[in-house]
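Notes follow the structure.
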């Protein structure tokens with residue numbers, strides 16, 4: 001499988017996005033989770049395995065939709081060092097040509113900011129949230145609205161009470 | 001834009017399919033229309049233009065869905081000589097790796113059969129219909145059910161009366 005083939009395939013089928021979730025492990029109460037992934041129906045699972053092999057990181061797992069009988073598989077890279085050392089340099093060399101290129105650049109910015117620990121301050125985290133929500137990556141992956149995150153970041157008090165609410169569910 | 005990039009992009013976003021429509025111009029009353037196409041939302045129209053440039057055939061046109069506000073563009077190749085001399089040889093050299101590869105092979109078979117004029121006989125046309133309907137290419141492109149075509153091929157009488165019905169609408 002050629003590297004440029006992977007670039008073309010990812011330009012059509014891949015996704016660079018940043019998810020957010022509450023976390024008690026970090027002071028500001030939220031975690032940012034950059035993720036690169038590609039989904040395919042089961043007959044084309046082999047392509048995902050071949051791409052995983054080529055990029056040398058991540059994993060392929062089943063991702064069957066509950067609502068349908070479709071069997072889908074997804075190749076996922078979440079490990080930050082793999083994103084920085086493998087995924088990002090790959091697509092810097094083998095360019096995307098669609099609008100997804102802009103998403104990739106924003107994704108890279110977020111990962112680099114996190115590498116500088118900017119996500120640990122409220123200011124840095126707010127910037128990351130705003131960049132992530134300006135990305136085209138499908139809204140379907142967004143489990144939390146931007147307003148909810150930004151509002152909760154405004155006061156530690158809010159975060160703490162929100163966490164209590166979350167954990168008492 | 002690299003050729004392998006195009007193969008990867010088409011493996012994700014492209015479609016090889018064969019449409020059917022009634023026609024008074026041919027004796028058996030039906031026409032087979034093999035088509036290669038790629039759709040994209042408007043911000044990525046440039047990629048379609050670049051692929052058209054590389055393949056040296058076809059055209060890019062707007063294809064806005066009536067039901068939504070989405071603006072989409074589609075790159076289309078329908079000319080049989082372009083399919084035979086440009087599109088098919090391209091993907092024989094720069095391979096697809098997903099299940100779409102099977103669709104491509106069936107598509108090539110249909111185009112080659114047509115080049116041998118096999119679509120002008122009922123037997124040949126029936127074979128083409130059966131190959132086309134075994135392809136994965138999205139059902140959304142199918143305006144005519146396979147049964148309708150095969151049944152109407154069984155008797156010229158049926159075809160003639162069907163054509164009269166069609167044209168008297």
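Pull up segment B:34-57, narrow it to residues that are modelled with pLDDT under 95 and outside any helix (DSSP H, G or I), then point me to the one that is farthest from the other protein chains (Cβ to nearest Cβ).
Looking at residues that are modelled with pLDDT under 95 and outside any helix (DSSP H, G or I), I get B:39.
Can you tell me which condition residue B:88 does not meet? The list is (1) more than 13 Å from the chain's Cα centre (by Cα); (2) free of Cβ contacts under 8 Å to residues at least 60 places away in the same chain, and all the others hold.
(1)
Within the bounds of segment A:143-154, is there any residue that is surrounded by fewer than 18 Cβ atoms within 10 Å (Cβ to Cβ) and either more than 28 Å from residue A:25 (Cβ to Cβ) or modelled with pLDDT of 90 or more (or both)?
no
Given the condition over 17 Å from the mean Cα position of the chain (by Cα) and either part of a helix (DSSP H, G or I) or at pLDDT 90 or above (or both), answer yes or no: does some residue in segment B:70-77 qualify?
Taking every residue of segment B:70-77 in turn, at least one turns out to be over 17 Å from the mean Cα position of the chain (by Cα) and either part of a helix (DSSP H, G or I) or at pLDDT 90 or above (or both).
Is there a residue being buried (at least 18 other Cβ atoms within 10 Å of the Cβ), within 14 Å of chain B (Cβ to nearest Cβ), at pLDDT 95 or above and touching a helix residue (DSSP H, G or I) at 6+ places or on another chain (Cβ under 6 Å) anywhere in segment A:106-122?
no
For segment A:81-97, check the following and say yes or no: at least one residue is surrounded by fewer than 17 Cβ atoms within 10 Å (Cβ to Cβ), within 14 Å of another protein chain (Cβ to nearest Cβ), touching a helix residue (DSSP H, G or I) at 6+ places or on another chain (Cβ under 9 Å) and part of a helix (DSSP H, G or I).
yes
I'm trying to understand the selection: among the residues of segment A:12-33, which are in contact with a strand residue (DSSP E or B) (Cβ under 8 Å, 6 or more places away or on another chain) and part of a helix (DSSP H, G or I)?
Listed by number, the list holds a single entry, A:13.
Just one of (1) outside any helix (DSSP H, G or I); (2) within 14 Å of chain B (Cβ to nearest Cβ) trips up residue A:9, so point out which.
Unmet condition: (1).
The values are calculated or read from the model by the stated rules, or taken from the named source; none is laboratory data. Fair warning: this is a prediction, and the values are worked out from it, not measured in the lab. Here Cβ is always computed from backbone atoms with ideal geometry, including for glycine, and neighbour counts include all displayed protein chains.
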